[in-house]
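Taking it in order: structure first as structure tokens, then the write-up.
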Amino acid sequence: MNRKIKFLGMAIIGLSLIATSCKKDETSEPVVDNTIKVSITTKNNEKVDHWVYYSFETKGEISGIDSSNFKTSDKWDIAFHSRHVRLNGGTSGAGMAEAYDAGVVDWTSVTEATESGYTKDAFADSILYAGNGQAGPIMIGTDLNMVFENAFEFDANTHPPTYLANKNVYAFKTRKGNYAKIMLTDYYNDKGVSGYISFKYVLNTDGGRDL
């Protein structure tokens, strides 16, 4: 009898150790961070209405796109000129890209893209600086996404003007309709030169809204 009790006790202890070990394994799994960080290497503010185009699919800048073909190209998702943003959708392209401003919130708190409330690109009049004339600054219109107009604080009272990222989190649809989140993080490269946008994003490629 004593042997049976002793054996049963050892068996219970063994099962408890296995269960405890399984719980430790379950809780010790590392959290996967799918954030992709990008620093654009092409200066975007040297010419009037000159844009730098980027593809989420290739994870790189796209060359060969300009004012003559950006609306028909299926190679890009997002583009930058100075502090402005253009998406491949709406009046800027044939894609499905559009954006939603979630505000200044913690990056990790946005775990699902909103289902509605997105804004497509549209033509905006007198929004790009094109130099100075006798009557003051010359402003021209272009196609862009107005949701991103608050991505940077712009101070024209300094010389040269200064830009500070507000670090809003934006829900985003790519040209193919995949959901993503994106944050513009800097307007300057590591040498302090302006016109080099940095940003980070998470892209869902399985058709869902989880981020």
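Determine whether the stretch 102-122 contains at least one residue that is under 15 Å from His81 (Cα atoms) and under 22 Å from the mean Cα position of the chain (by Cα). If you could, list the steps in order and put the result at the bottom.
Within the stretch 102-122, the subset under 15 Å from His81 (Cα atoms) is 121.
Right, trim to under 22 Å from the mean Cα position of the chain (by Cα) and you get 121.
Yes: one or more hits.
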Study note, to complete from the structure: Of those in the stretch 110-129 that are exposed (fewer than 13 other Cβ atoms within 10 Å of the Cβ) and outside any loop (DSSP other than H, G, I, E, B), the residue modelled with the lowest pLDDT is Ser126
Exercise for review: Give the residue, chosen from Leu164, Leu144, Leu184, that is in contact (Cβ under 8 Å) with a residue 12 or more places away in the chain, in contact with a His (Cβ under 6 Å, 6 or more places away or on another chain) and assigned by TED's automatic domain parsing to the domain that holds Met96.
Suggested key: Leu144
Check your understanding: Just to be sure, is Asn145 within 27 Å of Asn88 (Cβ to Cβ) and of a type outside the set (Phe, Trp, Tyr)?
Key -> yes
**Study point:** Residues located in the stretch 165-202, provided they are in a loop (DSSP other than H, G, I, E, B), of a type in the set (Val, Ile, Thr) and surrounded by fewer than 21 Cβ atoms within 10 Å (Cβ to Cβ)
**Key:** Val193
Practice item. Test Asp143 against the criterion of being assigned to a strand (DSSP E or B) and more than 22 Å from the chain's Cα centre (by Cα), and give yes or no. Key: no
Check your understanding: Does the stretch 146-154 contain at least one residue that is of a type in the set (Val, Ile, Thr) and part of a helix (DSSP H, G or I)?
Key -> yes
Study note, to complete from the structure: The number of residues in the stretch 143-171 that are at pLDDT below 95 and among the aromatic types (Phe, Trp, Tyr) is 1
Exercise for review: Would you check if Ala97 is crowded, with 23+ Cβ neighbours inside 10 Å, more than 18 Å from Ala171 (Cβ to Cβ) and in contact with a Lys or Arg (Cβ under 6 Å, 6 or more places away or on another chain)?
Suggested key: no
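The values are calculated or read from the model by the stated rules, or taken from the named source; none is laboratory data. For clarity, every value in this text was computed on a predicted model and none was experimentally measured. Glycine also receives a Cβ, built like all others from the backbone with ideal geometry; neighbour counts cover every protein chain displayed.
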